[in-house]
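Working notes for the structure below.
The values are calculated or read from the model by the stated rules, or taken from the named source; none is laboratory data. All figures in this text were calculated on a predicted structure; none of them were measured in a lab. Neighbour counts run over all protein chains shown; Cβ positions are idealised from the backbone, glycine included.
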Amino acid sequence: MEATKIITPVIPVQNRAIVQPQPQQQAAINTVLARLVNLSVSALRAESLQKAGNIIVNQIHTIVKAERVVIVPLKDKDRILCISGDLEPSQDNSFAQAAQEIRKAFGKESEPKVISKETLPQDLNAHNAEKVLEAMGGTQLLWMLVPPPHGKSPMYALWLERWENRPWTEEEIKLLSHATVFFGHALVPREKAKKTAKARLKLWLTMGIIFLGMFFPIPARITAPVQIMPDHPYYVFAPFDGTIESLAVKPGEKIKKGDLIFRYDTRMLEKRLEEAQRGSLAVALAELARLEGAAYSEEEARARIPVQKLEVERRKSEVTFLQQQMGMSEVRSEAEGVVVLDDPDALIGASVQTGELVMSIADPKQTKLRIMVPVSDAGWIKEGSAAVAWLDSDPMRSIYAKVNRIGFDVRMSDKHIPSILVEAEWEKKESANAMPGARGTARIDGPKVSIGLYFFRKPLMLLRTVIGI
């Protein structure tokens with residue numbers, strides 16, 4: 001009996017069995033995907049393209065490890081859009097030039113490209129890029145284009161570095177390829193949100209209120225520099241020509257009548273007086289004595305005596321004049337008050353002429369305000385206008401006055417502004433007791449004008465000057 005063969009059919013295996021990941025691997029995958037979604041949402045919600053780029057380069061390390069991340073524009077004149085750890089990347093350093101060289105070489109590569117010093121084309125002549133790839137123990141640069149939405153041409157590329165020649169895995173490159181799809185939607189210019197009807201209504205109401213407020217009347221107030229000046233001071237003039245040797249007073253010093261103010265240099269006077277006494281006068285007296293002795297026998301001598309007497313008197317007058325000048329070489333005050341003097345050092349050694357003003361002595365109880373008002377504001381000031389002054393020495397104290405004189409001549413102020421001199425008198429006598437020479441700021445109240453005219457008057461004046469309307 002023949003043995004029966006049992007043929008077992010062979011079923012071909014068409015598909016391999018799918019290996020399910022382990023629980024730990026599945027948890028890691030879920031974590032990476034959650035981080036990718038979080039990064040993409042943050043970039044998409046960014047207020048501007050620049051902020052979206054900063055979010056990408058500074059948070060991409062949550063899904064892949066990279067030491068440095070850069071977003072490189074492909075068509076813009078800037079070489080770097082964003083770089084990790086730097087809010088304002090430089091466009092002129094060697095790294096930016098390296099980005100320019102890599103962009104020029106691989107800007108049209110549609111597939112991700114891992115670049116190292118060994119894979120860099122030799123004919124590229126990219127010295128800066130070579131230095132970047134040589135640094136940090138060898139750099140593995142991953143270059144991939146960021147696909148834009150709606151099928152447009154790529155505008156940016158992603159630059160990721162790993163140092164010490166650590167390689168990029170195929171899984172990481174695939175993950176980043178998926179991530180760049182979201183990044184492409186985030187790296188687009190933002191459109192400004194349209195204003196709602198309520199916002200437009202609020203804007204029009206605000207503009208209407210501002211427009212109507214322009215017609216609200218307010219007093220025109222002019223602010224200008226002010227200086228306390230003596231009222232009817234005693235002026236000290238030079239009594240004769242000469243050179244001032246020294247000053248005996250200081251600016252602001254209180255002096256009494258008869259106090260020494262300054263001295264002349266008397267060396268030339270002393271020399272001239274000695275020459276006049278011992279020379280000219282002595283010779284004239286000797287000649288007169290000789291003529292008087294010879295007058296008994298000589299008729300010519302008797303005739304010359306009257307002329308010689310006149311010569312003696314002239315020489316005596318010269319000596320007397322020099323003695324009077326010596327007596328006036330020490331100039332003393334003829335009034336009591338405070339010394340008003342701008343620059344005392346400029347007087348020492350200065351030559352003065354007869355009648356030249358040297359200084360003034362003011363009574364502190366008799367002062368006035370001198371206000372240098374710009375010419376553009378002078379039209380609003382009238383005699384009797386109220387004024388308020390704040391001195392630099394006491395800025396918290398308000399001193400009230402009234403305008404009593406308005407000048408007509410245009411002068412240059414200390415700030416080189418064409419101005420009109422305006423004087424004001426104190427409203428209260430006790431306010432006049434201010435130190436002459438003190439400076440500060442004054443405000444003069446003018447007529448009431450609209451707010452619009454008050455604030456836009458000077459721009460309109462400038463516009464009229466430029467355009468001629």
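Which residue out of T243, T223 is touching a strand residue (DSSP E or B) at 6+ places or on another chain (Cβ under 7 Å) and either farther than 29 Å from V358 by Cα or of a type in the set (A, V, I, L, M, F, W, C) (or both)? Steps first, please.
Working: T243 fails: either farther than 29 Å from V358 by Cα or of a type in the set (A, V, I, L, M, F, W, C) (or both).
Only one candidate passes the filter, namely T223.
Is it the case that the stretch 222-241 has a residue that's farther than 23 Å from A438 by Cβ and in contact with a Lys or Arg (Cβ under 8 Å, 6 or more places away or on another chain)?
The initial filter retains those residues of the stretch 222-241 that are farther than 23 Å from A438 by Cβ, namely 237-241.
Cutting the leftovers down to in contact with a Lys or Arg (Cβ under 8 Å, 6 or more places away or on another chain) gives us none.
No, there is no match, as no residue in the stretch 222-241 is farther than 23 Å from A438 by Cβ and in contact with a Lys or Arg (Cβ under 8 Å, 6 or more places away or on another chain).
Matching residues to (1) assigned to a helix (DSSP H, G or I); (2) over 46 Å from the mean Cα position of the chain (by Cα); (3) not assigned by TED's automatic domain parsing to the domain that holds I55:
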residue	(1), (2), (3)
K131	yes, no, no
G137	no, yes, no
Q140	no, yes, no
M144	no, yes, no
P154	no, no, no
E161	no, no, no
E172	yes, yes, no
L176	yes, yes, no
F182	yes, yes, no
Original post:
P89 versus (1) buried (at least 18 other Cβ atoms within 10 Å of the Cβ); (2) not in a loop (DSSP other than H, G, I, E, B): which is the lone unmet condition?
Top reply: (2)
**OP:** Could you identify the single residue in W163, W204 that is closer than 25 Å to G53 by Cα, loosely packed, with under 15 Cβ neighbours inside 10 Å and modelled with pLDDT of 85 or more?
**Re:** W163
**OP:** May I ask you to say which residue of K257, K250, K202 is in a loop (DSSP other than H, G, I, E, B), outside the structural domain of A129 (by TED's automatic domain parsing) and either small (G, A, S) or under 43 Å from the mean Cα position of the chain (by Cα) (or both)?
**Re:** K250
**OP:** Residue by residue through the stretch 313-372, note down the ones that are in contact with a Gly (Cβ under 8 Å, 6 or more places away or on another chain) and under 30 Å from I399 (Cα atoms).
**Re:** V338, V339, V340, I361, A362, D363, P364
**OP:** Determine whether the stretch 409-432 contains at least one residue that is touching an Asp or Glu at 6+ places or on another chain (Cβ under 7 Å) and buried (at least 19 other Cβ atoms within 10 Å of the Cβ).
**Re:** no
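Kindly indicate which of A362, A387, A350, A346 is under 16 Å from W426 (Cβ atoms), small (G, A, S) and modelled with pLDDT of 85 or more.
Details: A362 fails: modelled with pLDDT of 85 or more; A350 fails: under 16 Å from W426 (Cβ atoms); A346 fails: under 16 Å from W426 (Cβ atoms).
Just one listed residue meets the conditions, A387.
Tell me, yes or no, whether the stretch 101-108 has at least one residue that is within 22 Å of R166 (Cα to Cα), in the same structural domain as K174 (by TED's automatic domain parsing) and modelled with pLDDT under 90.
Start the filter on the stretch 101-108 by keeping residues that are within 22 Å of R166 (Cα to Cα), which leaves 102, 106.
Next, only the ones that are in the same structural domain as K174 (by TED's automatic domain parsing) stay: 102, 106.
Cutting the leftovers down to modelled with pLDDT under 90 gives us 102, 106.
Checking the stretch 101-108: at least one residue is within 22 Å of R166 (Cα to Cα), in the same structural domain as K174 (by TED's automatic domain parsing) and modelled with pLDDT under 90.
Assess whether E313 counts as being more than 22 Å from I244 (Cα to Cα), without any contact (Cβ under 8 Å) to a residue 60 or more places away in the chain and part of a helix (DSSP H, G or I). Before the answer, list the steps.
Working: more than 22 Å from I244 (Cα to Cα): yes; without any contact (Cβ under 8 Å) to a residue 60 or more places away in the chain: yes; part of a helix (DSSP H, G or I): yes.
It is true that E313 is more than 22 Å from I244 (Cα to Cα), without any contact (Cβ under 8 Å) to a residue 60 or more places away in the chain and part of a helix (DSSP H, G or I).
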Original post:
Within the stretch 392-437, which residues are modelled with pLDDT under 85 and among the hydroxyl-bearing types (S, T, Y)?
Top reply: S393, S413, S431
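Exposed (fewer than 13 other Cβ atoms within 10 Å of the Cβ) and touching an Asp or Glu at 6+ places or on another chain (Cβ under 7 Å), is that true of T367?
Working: exposed (fewer than 13 other Cβ atoms within 10 Å of the Cβ): no; touching an Asp or Glu at 6+ places or on another chain (Cβ under 7 Å): yes.
So T367 does not fit the description; no.
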